[in-house]
1. Does segment 48-60 include one or more residues that are polar (S, T, N, Q), open to solvent by 50 Å² or more (accessible area, probe 1.4 Å), within 15 Å of Leu32 (Cα to Cα) and modelled with pLDDT of 85 or more?
2. Is one or more of the residues making up segment 158-173 buried (at least 17 other Cβ atoms within 10 Å of the Cβ), modelled with pLDDT of 85 or more and more than 22 Å from Thr78 (Cα to Cα)?
3. State which residue is farthest from the chain's Cα centre (by Cα) when the search covers only segment 124-137 and only residues that are modelled with pLDDT under 90 and open to solvent by less than 40 Å² (accessible area, probe 1.4 Å).
4. Filter segment 86-119 down to the residues that are within 19 Å of the chain's Cα centre (by Cα) and over 26 Å from Arg137 (Cβ atoms), then identify the one that is modelled with the lowest pLDDT.
Amino acid sequence: MTSPETRPAPPGGAPAGPEDLLPSVAPQLRALRRRASLTLEAAARTAGLSPAHLSRLETGQRQPSLPVLLALARIYGTTVSELLGETVADRDAVVRAADMEPTVAGGWTYWQAGAPGRGMQALRVHVPYGSQRDIVRVHPGEEWLHVLGGRLRLRLGDTTHQLGPGDSAHFDSLTPHRIAAQGTDGVELLFVHTLLQSPTATLCLGPITGDMP
């Protein structure tokens, strides 16, 4: 058996490194970037690469180093295993209530209602009164929400909607949007979204002066 020290060098005489042992990841790199709704230029800039270099990786002209793979996996909201085209273990189709651990962020409480790592994410959300009223969100993907309890004030672009229990909304996430509880008891939602794992999901338009109409 050939030891790593005596392993033949690749053409050109340079010693073989970990990146020389990686399978071709070009098809996965391009597909995952597109799934994340990122342009070649945006993905390259976030990863600290030139667009030309990322293009060569996506066309198989170059093989990525392990640090580059890790960076791209974080940017695309995935794992190195998926970048390498490895089969992902089957996920459970059922999420039990006892397994839903609450997470608090920005004053909202979230319960994961679907399997992690999928293109579509499902959450149960409690939005308390007065939280995040000045944040306008805009990001790739779609959102669907359904009011379980309380009353919701939803701002889509220049239009404000009032939603009660049983009402739903389905909209393009590139439409600037704001979500707020109308009553002091807050509002309970079922919330489904796509592509919020993209780094552009954090893009906000900043604080808005004045209260939501």
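The values are calculated or read from the model by the stated rules, or taken from the named source; none is laboratory data. What you see is a predicted model, and the numbers here were worked out from it, not measured in a lab. Neighbour counts are summed over all protein chains in view; Cβ atoms, including those assigned to glycine, are modelled from backbone coordinates with ideal geometry. Note: areas computed on protein heavy atoms with side chains; ligands, DNA, RNA excluded. Shrake-Rupley method; radii C 1.70, N 1.55, O 1.52, S 1.80 Å.
1. yes
2. yes
3. Result: Ser131.
4. Among residues in segment 86-119 that are within 19 Å of the chain's Cα centre (by Cα) and over 26 Å from Arg137 (Cβ atoms), the one modelled with the lowest pLDDT is Val88.
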